[in-house]
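Visitor: Let me begin by handing over the structure; questions about it come next.
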Amino acid sequence: MDKLEMRHTLLAAKARKQMNWEQIGKAVGMSPVWVASACYGMNSASDDVAHKIADVLGVDKEVADALTTFPTKAWDEAIPQDPFIYRLYEVVGVYGETLKDVVQEKFGDGIMSAIDFTMEVDKIEDPKGDRVLLTLSGKFLPYKAW
């Protein structure tokens, strides 16, 4: 089973079970954001976690095995049409150079890791309209000179 078939199987099972990522993450003892990313095929799970996900969603061993395979982290390079995803592109387009400059002033010349990385999604209730809080936490990796 490839990652695309795995993704379709897992998302169908999630819908059939009427579960959300928070519930699935809690059931397997992992971050709901990370579990969603693994189910979408962008991360690989350990054998233990893959089987927990498969058990929670009621899918077979073939799906669990696909969860353990290393992904090719590629995506469509076209500008996304989905409004939520497009807005994230917009944030990076408008603030990307600013964030890079501010981070490099604080840390030096380098990048934020997306490997040694965590992300949280929280809802902040606000009388003017609820807010989305995205917390991205990546290890700073300095560039080396040699």
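Read the figures in this text as sums done on the coordinates, not as results from a lab. Being a predicted model, the structure only gives us computed values, none of them experimental. Here the Cβ is made from the backbone with ideal geometry for all residues, glycine too, and neighbour counts use every protein chain on show.
Visitor: Divide by every residue of the chain the summed helix terms, -39500 (n - 2.57) for each DSSP H run of at least 4, and state the resulting mean residue ellipticity at 222 nm, rounded to the nearest 500 deg cm²/dmol. Present the calculation step by step, with values, prior to reporting the outcome.
Guide: Numbers: 6 runs with 75 residues, N = 146.
Mean residue ellipticity, 222 nm, calculated: -16000 deg cm²/dmol.
Visitor: Taking the Cα atoms of region 83-142, report the difference between the largest and smallest coordinate on each principal axis, in whole Å and largest first.
Guide: Extents along the principal axes: 41, 23, 20 Å.
Visitor: Assign one of three labels to region 3-68, namely rounded, prolate or oblate, based on the Cα gyration tensor with a ≥ b ≥ c the square roots of its eigenvalues; rounded applies when a/c is under 1.5, prolate when it is not and a/b is larger than b/c, and oblate otherwise. Before the final figure, lay out each step's value.
Guide: Working: a/c = 1.29, a/b = 1.09, b/c = 1.18.
Rounded, because the longest to shortest axis ratio a/c is under 1.5.
Visitor: Here's another thing I want to ask about it. So how tilted is helix 83-107 from the main axis of the chain? Cα-based, degrees 0 to 90, rounded to 10.
Guide: That helix lies at roughly 50 degrees to the long axis.
Visitor: Further question on the same structure: By a straight-distance test (C-alpha under 12 Å), which aspartates and glutamates pair with Lys61 as possible cross-link partners, with residues fewer than eight away in the same chain excluded?
Guide: Asp47, Asp48
Visitor: I would also like to ask the following. At a 10 angstrom cut-off on C-beta neighbours, averaged per residue, how do the peptides 14-22, 90-98, 63-71 rank from highest to lowest? Walk me through the intermediate numbers first.
Guide: On the way: 14-22: 13.2, 90-98: 10.8, 63-71: 18.2.
Final packing ranking: 63-71, 14-22, 90-98.
Visitor: Compute the Kirkwood hydrodynamic radius of the chain, taking the inverse of the mean of 1/r over all pairs of distinct Cα atoms, and give it in Å to one decimal.
Guide: About 17.5 Å for the chain.
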